[in-house]
């Protein structure tokens, strides 16, 4: 492009020298000059842009897709300005609300399954506010150490903590909140427990404002007064009374640290009622709080080292929970919180109407059965060392639905505020053997390649060493009886320890454990370690409710339901007039066992409830039933778990020192030298089931075992060297009067018979469960047990062999 030359005009009055050039070049105006300069700059810019475009076109495709630094910087700047503006607007428009209605919370109302009969009123807020000066400084520091170590320096929120919690959640370390003490206080005092983004957003802005408007002491006091600590205690003052029976000002460093630990999981971390796994977590959280106090400079290392765990006092019963009410409320609460339907603080805040699955007539029948069959037989004055502190755990579940219709957690919640129906610290003994059998049927073959069926033969010699197990194990049979070469069916009927210890190893201990878990035994209870051979004989410690659920799955042809105890949950919303109805879980069964396996186990368990089985006392029910007795080492517990086609019930018996909570032997209870599962537990089961099923039609078992529709086993009278195939007898018939077994004898144990001997069998009586057997020589029969020194309560009881008891497991559990 051509630009005309130009000259600067001479100043006025000056003399101008002219030349030929001056006469040929035009003079430009100032506007023209400016225009020419602008065109030059624009041209240069266009050239540069064109050059950049050409350079960018030369780059690889992936690089051309990335924004330039100018675009990136501009976008980030715009977003930052937008975020700052939005934050400022929200900070201004989100107000600090009035306190929520928690301070005037209503009671909870618990109802039986009919929806009208009341079980109990509970849930009134138990709280007494205190000032920060009344709370020991060590307790304040323990709470800060456990819940928010940046509390004294953050501004109400902790961005680093929130990012860290979010990252830990994303990488699989569990759901973490990252909330500060201020945020938790805002949630408790001003907002709700709803897990929504809008609530979390409001919590953030209100926490910032509260931190600006109040000092740290006031915030910490408000948090400690509004938090839930378990045992129905809201606030640190109520918690101090609930757990240690003192005012908050009297708390020690160790006690304050434990209350601080409870804030993370109030109900689960109550070490007096917690399951074993949760007790370990609670103590770990207590240690975490104390170690943090040292790190933050609140506690000297020497004082920390000298601190021991402060065991809290026993839970004190709430008003209105006497009798069975407290236990039923406990089962319902445990179900609601453990399934995540509602959290413990929201439940305890009150206002809920809870319709449970418990049937009042059946609940009353359970209580009556315990009083009639056990309590009436005890004489604490005459036998103060054996007839005191005897306790019963029980649960009753519908196999087809998993609905819990009754539980027995103790005699009176006002006197014994421990729910024995939920505790997981009593071994279940030989009630575990059906699980061994089921696992063996799944495995199909023994270690030496023989098929595993109910008719597979094993060596029933007492104290026979188990082969192939991970640990040495040679359990004795009851009274050290040798049974010789017997079938798995007969070994179940007589509860022969040596047989099922080996059969469980043949099935594979890992498979036995997997089968137990599928049926409903919790995988975290003690005694479920496949590294110990003794697991085969019931070292596991599920609760009575857990065990009822497992047996219900067998009764339901292998379809397992997790036992559930709440039909409906609702709360009136006073502000809006609406009704809050949380969504309840679907009760869809899982495939625990295939039908043939489950029905085969049921078929074998039917033979346990027979004149010669350990569950003979259950014949008094007068309708088809199946079950298994269990008695543990040192006679520390005794069980009967059984079912009819429509109802499954478990009953456990044990003794516990009320002060130390140590287990004590049942031997001597009611004047008997030994309490087996076939005595009081089976009698209680039978009495309860008789009333619970009264007026209902008798149902027959519908079994698909692969060998006919559940034919009965024929009782042998000969030696072990006879035919390997037992003869069958017809199925159950109704109408005859069934017998029941006598209590355990008080005399000496019978002499140990030889495997090939032919002792005279005890008399048998035909019944709806097992017709009079045809004499065969299929299995050996143990010597009849001596007559008890005290006659049994039912005068028609035969002297049937009771379940075995062992004495060498580590820790062994036996029939």
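Taken across segment 378-398, residues that are in a loop (DSSP other than H, G, I, E, B), surrounded by 24 or more Cβ atoms within 10 Å (Cβ to Cβ), in contact with a strand residue (DSSP E or B) (Cβ under 9 Å, 6 or more places away or on another chain) and modelled with pLDDT of 95 or more do not occur at all. For residue 312, the criteria (1) at pLDDT 90 or above; (2) farther than 26 Å from residue 338 by Cα hold in every case but one, which is (2). The numbered conditions (1) over 20 Å from residue 158 (Cβ atoms); (2) in contact with a helix residue (DSSP H, G or I) (Cβ under 9 Å, 6 or more places away or on another chain) are all true for residue 242 except (2).
For segment 240-257, filtering for residues that are touching a residue at least 40 places away in the same chain (Cβ under 8 Å), assigned to a helix (DSSP H, G or I) and more than 15 Å from residue 229 (Cα to Cα) leaves 3. In the set 159, 170, only one residue is surrounded by fewer than 20 Cβ atoms within 10 Å (Cβ to Cβ) and either under 29 Å from the mean Cα position of the chain (by Cα) or at pLDDT 80 or above (or both); that residue is 170. Each residue in segment 422-448 was checked for being buried (at least 24 other Cβ atoms within 10 Å of the Cβ) and either free of Cβ contacts under 8 Å to residues at least 40 places away in the same chain or under 15 Å from residue 272 (Cα atoms) (or both), and 0 pass.
Residues that are surrounded by fewer than 13 Cβ atoms within 10 Å (Cβ to Cβ) and out of contact with any helix residue (DSSP H, G or I) (no Cβ under 6 Å at 6 or more places or on another chain) within segment 296-308 comprise 297, 300, 302, 305, 306, 308, listed in sequence order. When segment 273-304 is filtered for residues that are assigned to a loop (DSSP other than H, G, I, E, B) and farther than 30 Å from residue 427 by Cα, the ones remaining, listed by number, are 296, 297, 298, 299, 300. For segment 399-415, the set of residues classified as closer than 19 Å to residue 369 by Cα and assigned to a loop (DSSP other than H, G, I, E, B) consists of 409, 410, 411, 412, 413, listed by residue number.
No other residue among 109, 119 is in contact with a strand residue (DSSP E or B) (Cβ under 6 Å, 6 or more places away or on another chain), surrounded by fewer than 18 Cβ atoms within 10 Å (Cβ to Cβ) and either within 30 Å of residue 404 (Cα to Cα) or in contact (Cβ under 8 Å) with a residue 40 or more places away in the chain (or both) apart from 109.
Of all the residues in segment 531-551, those that are outside any helix (DSSP H, G or I) and within 25 Å of residue 499 (Cβ to Cβ) number 7. Regarding segment 28-37, can at least one residue be identified that is at pLDDT 70 or above, closer than 20 Å to residue 69 by Cα and part of a helix (DSSP H, G or I)? Looking through segment 28-37, none of the residues is at pLDDT 70 or above, closer than 20 Å to residue 69 by Cα and part of a helix (DSSP H, G or I). Can we say residue 631 is at pLDDT below 95 and within 30 Å of residue 383 (Cα to Cα)? So residue 631 passes the test. Being more than 27 Å from the chain's Cα centre (by Cα), modelled with pLDDT of 65 or more and surrounded by fewer than 16 Cβ atoms within 10 Å (Cβ to Cβ) is a property that residue 104 lacks.
The values are calculated or read from the model by the stated rules, or taken from the named source; none is laboratory data. Everything numeric here is computed off the predicted structure, so don't read it as measured data. FYI the Cβ positions are ideal-geometry reconstructions off the backbone, even for glycines, and counts take in every protein chain you see.
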